[in-house]
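Enquirer: Please read through the structure below; I'll follow up with questions.
The values are calculated or read from the model by the stated rules, or taken from the named source; none is laboratory data. The shown structure was predicted, so the numbers you read here are calculated from the model rather than taken from an experiment. In this analysis, Cβ positions are derived from the backbone assuming ideal geometry, glycine residues included, and neighbour counts consider all displayed protein chains.
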Amino acid sequence: MFTGIIQAIGHLQQSQPRSGDVRLAINTGNLPLAGVSLGDSIAVNGVCLTAVELGRQSFAADVSRETLALTTLGSLSSGSRVNLEPALTLATPLGGHLVSGHVDGVGTVLERHADARSWRLRIEAPAELTRYIAPKGSICIDGTSLTINRIDGAVFELNIVPHTIAHTISGEYQVGSRVNLEVDLIARYLERLLLGDQAAAPTASGITRELLAAHGFRAN
């Protein structure tokens, strides 16, 4: 588990293909590794990875084909900067929101413009994720916990404050940038809970209008 509060910016040292998947070597920049052991989790651009090798200022992790297909890690090149966060402990302040490090999909930056000292971003999410995205709710963008200002269809808008711009890779986003998205954990589990016994059916696909109506929900 993570908080979505980025602790350091690192960069990709090497991406080594290994029988269909890859092993990434990450330089961890200013991230302290003194308390990290082999097998511990570190989020890289919001993706929970397991440290299989440790150096003084680096670690290596294996990335499966599933993760390569559902995240942007496969498109990183040598030197690409990445957001880093070690796994939280019971003593970690929960400054963001609970983040699993399990990316739900990849979004695309449609617009970026200045708003005083902040940046406003408009990002298009995959259609299947939009039901989990709500105004003033939380979303994780490349591992960074952010608040959604508004949403229109599959496009949502958020605000990046100067501190976040300075301490994450968000300042590098341009129109067309692809970003890892993780929706709020509670929304995902709430959907499964509302499915009830239907969750066990192989064809259960999620919340529908019929399911909501059966539970007493009515459109305004």
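Enquirer: Please go through (1) surrounded by 15 or more Cβ atoms within 10 Å (Cβ to Cβ); (2) assigned to a strand (DSSP E or B) for A114 and return the number of the only condition it doesn't satisfy.
Expert: Unmet for A114, out of (1) surrounded by 15 or more Cβ atoms within 10 Å (Cβ to Cβ); (2) assigned to a strand (DSSP E or B): (1).
Enquirer: Could you check the range 165-189 and list, in sequence order, the residues that are closer than 11 Å to N83 by Cβ, under 15 Å from the mean Cα position of the chain (by Cα) and either among the acidic types (D, E) or part of a helix (DSSP H, G or I) (or both)?
Expert: Residues satisfying the conditions are I169, S170.
Enquirer: On the basis of being in the same structural domain as S37 (by TED's automatic domain parsing), outside any strand (DSSP E or B) and either among the charged types (D, E, K, R) or closer than 28 Å to P162 by Cβ (or both), does E128 make the cut?
Expert: Against the criterion (in the same structural domain as S37 (by TED's automatic domain parsing), outside any strand (DSSP E or B) and either among the charged types (D, E, K, R) or closer than 28 Å to P162 by Cβ (or both)), E128 does not qualify.
Enquirer: Please verify whether the range 52-64 includes one or more residues that are within 27 Å of L185 (Cα to Cα) and among the polar types (S, T, N, Q).
Expert: Looking through the range 52-64, at least one residue is within 27 Å of L185 (Cα to Cα) and among the polar types (S, T, N, Q).
Enquirer: Also, I was wondering about something else. Between residues in the range 52-78 that are within 16 Å of G20 (Cα to Cα) and residues that are acidic (D, E), which pairs lie under 8 Å by C-beta distance while being six or more apart or on different chains?
Expert: Going by the 8 Å Cβ cut-off, the qualifying pairs are D62/D21; V63/D21; S64/D21; R65/D21; L68/D21; L70/D104.
Enquirer: Taking I42 as meeting all but one of (1) within 22 Å of A166 (Cβ to Cβ); (2) surrounded by fewer than 20 Cβ atoms within 10 Å (Cβ to Cβ); (3) touching an Asp or Glu at 6+ places or on another chain (Cβ under 9 Å), write down the number of the exception.
Expert: (2)
Enquirer: Still on this structure, I have one more. Only one residue in L146, L158 is farther than 21 Å from D21 by Cα, under 14 Å from the mean Cα position of the chain (by Cα) and not in a loop (DSSP other than H, G, I, E, B), so which one is that?
Expert: L146
Enquirer: If I filter the range 187-212 down to residues being modelled with pLDDT under 60 and among the small types (G, A, S), which single residue comes out as nearest to I139 (Cα to Cα)?
Expert: Result: G206.
Enquirer: I've got another one for you. Given the criterion at pLDDT 95 or above, in a strand (DSSP E or B), of a type in the set (D, E) and surrounded by fewer than 18 Cβ atoms within 10 Å (Cβ to Cβ), identify the matching residue among E85, E53.
Expert: Matching residue, one of E85, E53: E53.
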